[in-house]
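The structure under discussion appears below in the form of structure tokens.
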Amino acid sequence: MHSSVIIELDKDDDYYKFLREKPYWHRQLSRHPEMINDFKDDYKVVRRKRFVDKIEDISMIMTLARELM
């Protein structure tokens, strides 16, 4: 794997776990290191790390709290 990809992956340990779960990305990043941004985008969608997902989670918690009152 290209050194620039390894440097990016070292920024978050969860990236390595994601690579183990999705071997497709390991193969893609080894062959096409320029796809690191696509990898990060897919990671955010699968792990629910996007801003939209956080808003949705807060909305769900507020709905639950309203139902319990």
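What follows draws every value from the coordinates through simple rules; no lab data is involved. Keep in mind it's a predicted model, so treat the numbers as computed, not measured.
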P(r) of the chain over all Cα-Cα pairs, 5 Å bins starting at 0, rounded to whole percent, reads 3, 15, 23, 18, 11, 9, 7, 7, 4, 3, 1
Extension length gain for residue 62 and residue 34 (0.36 nm per residue less Cα distance), in nm, is 6.1 nm
With only helices counted (DSSP H, runs n ≥ 4, each -39500 (n - 2.57)), the per-residue ellipticity at 222 nm for the chain, to the nearest 500, works out to -23500 deg cm²/dmol
Note: residue 44 to residue 3 extended length (0.36 nm per residue) minus current alpha-carbon separation gives 12.6 nm
